[in-house]
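**Student:** Supplied in structure tokens, the structure appears directly below.
Readers should treat all values here as calculations from the given coordinates under stated rules, not as data from a laboratory. Note that the structure is a prediction, hence the values are computed from the model and not measured. Here the Cβ positions follow ideal geometry from the backbone for every residue, glycine too, while neighbour counts run over all protein chains shown.
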């Protein structure tokens with residue numbers, strides 16, 4: 001058979017052919033591997049299913065969120081399907097990978113909306129792609145539900161764009177107030193150069209200066225940086241009394257390690273992405289006393305049930321933002337059932353009137369499609385995350 | 001104080017790039033192939049040492065040598081199954097294959113180890129040693145010295161041994177080398193094994209400094225590639241020089257520029273060299289480069 005394959009007029013050799021087969025085989029194995037972890041929906045009868053597009057950061061710098069968020073939203077799907085689906089239809093996911101990259105996000109939403117004809121999309125997603133994909137959904141009149149991204153600008157992304165996570169507009173202010181209240185006046189700010197880091201650091205700086213504090217130096221770093229020594233040296237030279245840092249867990253570990261190696265020892269403040277056990281494992285006692293803001297666990301009965309269900313299904317605690325991912329599908333379900341329709345046009349009106357008590361507390365959208373949910377201020381004590389004061 | 005520290009920061013970064021750049025330049029030299037998966041070979045090396053030390057509980061130094069062996073073997077496998085079948089094809093074909101290998105390796109590692117960050121657990125984070133106006137940690141000193149040792153080893157291999165002479169001959173002109181009886185396939189095999197072993201060693205050292213995750217090889221490899229071009233394609237001393245040049249320029253550059261421009265500095269240097277001195281700092285004149 002391979003004799004039939006040609007390239008530039010030459011026959012493809014047997015070894016090349018075998019090589020291609022090997023690569024395909026590996027790809028197939030890789031894919032079935034994903035299937036076992038349940039990231040892709042199973043096929044079902046066309047008429048009896050509702051297809052929902054899901055954007056996840058399955059690869060790239062935030063693939064760790066793809067895992068925790070992907071398994072949680074998949075759990076929501078399983079549970080909904082077990083209890084009769086949405087309006088009697090089984091839920092089927094069409095998953096696209098955004099790689100936590102703003103450019104890939106546009107590609108993912110275009111594929112979901114224009115190639116696969118999705119009318120409902122959940123972006124369980126980093127701020128970058130969630131933000132860059134929103135205008136495409138808005139223009140195509142596709143209902144676009146943001147599950148975990150927190151960049152403040154998502155608020156203005158459009159009529160069809162809803163978000164069940166609280167905005168960093170709130171988080172940036174909360175952490176600025178905390179830093180000020182703790183008596184720090186000369187803060188250094190280091191943030192990741194993407195929609196998430198920029199969004200929250202911008203709000204923080206404005207609020208902190210408004211309170212009367214001073215952001216003495218601002219340093220950016222790239223999403224995949226692993227050398228922060230020169231940025232930290234610049235921070236050290238201006239002698240701040242505190243450091244506010246926003247990034248992903250990988251950057252936190254390295255910043256903490258490298259700042260201590262360089263002899264910079266100031267109080268660190270951080271944001272929601274800090275709540276990740278791997279940071280404590282990696283830097284040990286240097287994580288002690290770090291204060292950060294994060295989405296508060298709602299503590300509702302729904303939350304406890306979710307925690308329990310996740311533990312039973314996966315044999316471990318749910319990962320970062322799992323609760324929000326889980327809730328996103330249920331919010332969509334509640335909206336659809338209230339509207340008694342899958343039509344985005346009708347559904348969006350229904351969502352503006354929705355009041356849904358779920359895993360993440362009360363979801364009630366304002367006129368921008370935003371919610372208010374409280375943040376918690378947490379700290380690290382004896383190697384675990386606890387409420388601060 | 002500041003300047004000494006900036007220079008040291010640059011040297012640490014440069015040493016990390018150099019460990020990848022040596023293998024890259026050797027492979028580019030003989031095959032005119034941008035080995036996009038070279039960083040992933042380093043990443044696999046780092047994970048190998050992780051398995052040996054964290055899972056089997058052996059000392060990291062054992063893991064380091066196992067990683068070198070696994071890296072060499074992986075280099076051979078990649079060469080045999082991804083590049084050799086494409087040897088006679090257009091030069092872009094192996095490049096695409098290299099990107100494919102890179103993606104496959106990232107995802108295979110993510111499949112087995114997950115995407116979360118792993119560490120070698122080298123003990124608590126401590127302040128580095130203060131000397132001559134800068135601060136440096138033991139790990140960083142080790143990185144610099146291992147990098148220097150491997151550079152020396154490579155220099156001896158290339159300049160003083162028979163296989164080194166053959167590598168240079170094949171890099172200079174493969175057909176001419178073959179016509180005097182050099183088995184170029186054998187030379188390519190050796191180069192892949194050696195370059196990949198160096199990459200794996202580099203991967204372990206980088207991971208000691210910056211932890212492990214499946215994407216860890218991507219950016220250092222791109223920087224190392226820029227270093228190869230800047231230093232002069234195919235030249236080992238050039239690759240080393242280019243690595244330190246880029247490491248220093250990045251770190252000193254962001255002292256004056258906003259820190260977000262760090263990667264941009266490396267690529268700006270790359271573009272400047274491609275425009276004004278495409279053969280790099282130590283590269284040979286054009287005619288020597290043609291196959």
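**Student:** Which shape class applies to chain B: rounded if a/c is under 1.5, otherwise prolate when a/b exceeds b/c and oblate if not, where a ≥ b ≥ c are the square roots of the Cα gyration tensor eigenvalues?
**Tutor:** It is oblate, given that a/c is not under 1.5 and a/b is not larger than b/c.
**Student:** Where does each of B:240-248, A:259-267 land if you order them by average Cβ count within 10 Å, highest first?
**Tutor:** For the peptides B:240-248, A:259-267, the packing ranking is B:240-248, A:259-267.
**Student:** Can you pull the mean other chain C-beta count within 10 Å for peptide B:205-212?
**Tutor:** 3
**Student:** Distance between the C-alpha centers of the stretch A:287-308 and the stretch B:1-42? Whole Å please.
**Tutor:** Each part's Cα centre sits 42 Å from the other's.
**Student:** What whole-number distance in Å separates the alpha-carbon centres of the stretch A:318-389 and the stretch B:123-197?
**Tutor:** 54
**Student:** Ok, one more. Grab the alpha carbons of the stretch A:169-289, take their convex hull, and tell me the volume per residue in Å³.
**Tutor:** 89
**Student:** Could you give the angle, 0 to 90 degrees to the nearest 10, between helix A:168-181's Cα long axis and the longest principal axis of the Cα atoms of chain A?
**Tutor:** 20
**Student:** Any idea how far apart residue B:272 and residue A:357 come out in nm if each label point goes 7 Å out from Cα toward Cβ?
**Tutor:** About 6.5 nm, to one decimal.
**Student:** Another one. Averaged over A:228-236, how many beta carbons belonging to a partner chain fall within 10 Å of each residue's beta carbon?
**Tutor:** Counting Cβ atoms of other protein chains within 10 Å of each residue's Cβ and averaging gives 6.
**Student:** Here is a further query. Nearest 10 degrees, 0 to 90: what angle lies between the long axis of helix A:63-82 and the longest principal axis of chain A (Cα atoms)?
**Tutor:** It is inclined by approximately 50 degrees.
**Student:** Here's another thing I want to ask about it. Apply the Debye scattering formula to chain A, with a single equal point scatterer on each alpha-carbon and no solvent, then give log10 I(q)/I(0) at q = 0.10, 0.11, 0.14 Å⁻¹.
**Tutor:** Debye output, listed in q order: -0.68, -0.80, -1.18.
**Student:** Order of B:175, B:35, A:114, A:314 from fewest to most other C-beta atoms within 10 Å?
**Tutor:** B:175, A:114, A:314, B:35
**Student:** Sort B:58-66, B:261-269 for me by packing, meaning the mean count of neighbouring Cβ atoms within 10 Å per residue, highest on top.
**Tutor:** The peptides rank, most packed first, as B:261-269, B:58-66.
**Student:** Output the 0 to 90 degree angle, nearest 10, between the alpha-carbon long axis of helix A:195-211 and the longest principal axis computed from the alpha carbons of chain A.
**Tutor:** That helix lies at roughly 30 degrees to the long axis.
**Student:** How big is the antiparallel share of DSSP beta bridges in the protein assembly as shown, given as a percent to the nearest 5?
**Tutor:** If we restrict to bridges inside the protein assembly as shown, about 35 percent are antiparallel.
**Student:** With each run of n ≥ 4 DSSP H residues scored as -39500 (n - 2.57), what mean residue ellipticity at 222 nm is computed for chain A after dividing by its residue count and rounding to the nearest 500 deg cm²/dmol?
**Tutor:** Mean residue ellipticity, 222 nm, calculated: -14000 deg cm²/dmol.
**Student:** Hey, another quick one. Take the alpha carbon gyration tensor of the protein assembly as shown, find the square roots of its eigenvalues, order them as a ≥ b ≥ c, and report rounded if a/c is under 1.5; if not, report prolate when a/b exceeds b/c, else oblate.
**Tutor:** Taking the square roots of the gyration eigenvalues as a ≥ b ≥ c, the protein assembly as shown is oblate.
**Student:** Please give the calculated 222 nm ellipticity per residue for chain B, where each DSSP H segment of at least 4 residues contributes -39500 (n - 2.57) and the sum is spread over every residue; nearest 500 deg cm²/dmol?
**Tutor:** -23500 deg cm²/dmol
**Student:** Per residue of A:257-266, what is the mean number of Cβ atoms on other protein chains within 10 angstrom of that residue's Cβ?
**Tutor:** Counting other chains' Cβ atoms within 10 Å and averaging over A:257-266 gives 5.
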